[in-house]
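What follows is a single structure, written as structure tokens, with notes after it.
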Amino acid sequence: MAFGQFPVPTVPSIELTEIHWQSLSFDRAVAVMKVKVGNRNEFPVDLSRLSLSLALADTPILSTAVDKPASFLAGQDNTLEIPISFAPRDLGLAAFQIIRGAGSGYKLSGLVKANTAFGAIDFPYEQTGQTRFR
């Protein structure tokens, strides 16, 4: 990087890698979501808040936020374990069948609030993919 230049901040990569069910019934589903966060910047980033909305098979499941600080060196990945719970009965029988299956398409979106050497930055994100359930 030359004198007088600064890097353009890049949105961290966000990927839902796994959902581990701890208990599952029509009344309450309790799980731990494993979310891989990657700093794709040339500078360290301190995550101060991660807000997220999760949809499985195009069905909105939950919205939550994590205020668990985490530091990422340049180019570093880290997996966050996020406890979640919701009432499957509120989502209908189709969503319950998806949850009991081997996996599903997902959409994870929200906002990453981070602190950098250049000040506080908000990174909106949206990620889609496939995840597995355990």
Output the qualifying pairs, or none if there are none: Cβ atoms under 6 angstrom, residues six or more apart or on different chains, first residue in segment 119-134 and of a type in the set (V, I, T), second residue at pLDDT 80 or above and surrounded by 11 or more Cβ atoms within 10 Å (Cβ to Cβ).
-> I121/P9; I121/A114; T128/K107; T131/L16; T131/Y106
Within segment 67-93, residues surrounded by 13 or more Cβ atoms within 10 Å (Cβ to Cβ) and at pLDDT below 90 come out as F86, P88, R89, L91
Residues of segment 61-89 being within 22 Å of Q22 (Cα to Cα) and either of a type in the set (A, V, I, L, M) or free of Cβ contacts under 8 Å to residues at least 12 places away in the same chain (or both), which ones?
-> I61, L62, A65, V66, L80, I82, I84, A87
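Of everything in segment 28-62 that's of a type in the set (D, E) and surrounded by fewer than 15 Cβ atoms within 10 Å (Cβ to Cβ), which residue is farthest from P7 (Cα to Cα)? Steps first, answer last, please.
Initially, segment 28-62 is screened for residues of a type in the set (D, E), giving 42, 46, 58.
Now narrow it down to the ones that are surrounded by fewer than 15 Cβ atoms within 10 Å (Cβ to Cβ): 42, 58.
Values: E42: 7, D58: 36 Å.
The residue in question is D58.
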Looking at this structure, is F26 outside any strand (DSSP E or B), within 16 Å of I121 (Cα to Cα) and of a type in the set (F, W, Y)?
-> no
Right, F96: modelled with pLDDT under 70, over 17 Å from the mean Cα position of the chain (by Cα) and not β-branched (V, I, T) or not?
-> yes
Looking only at segment 16-42, count how many residues are farther than 17 Å from E81 by Cα and among the hydrophobic types (A, V, I, L, M, F, W, C).
-> 2
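The values are calculated or read from the model by the stated rules, or taken from the named source; none is laboratory data. These numbers were taken from a predicted model, which means no experiment stands behind them. Backbone-built Cβ (ideal geometry, glycine too); neighbour counts: all protein chains shown.
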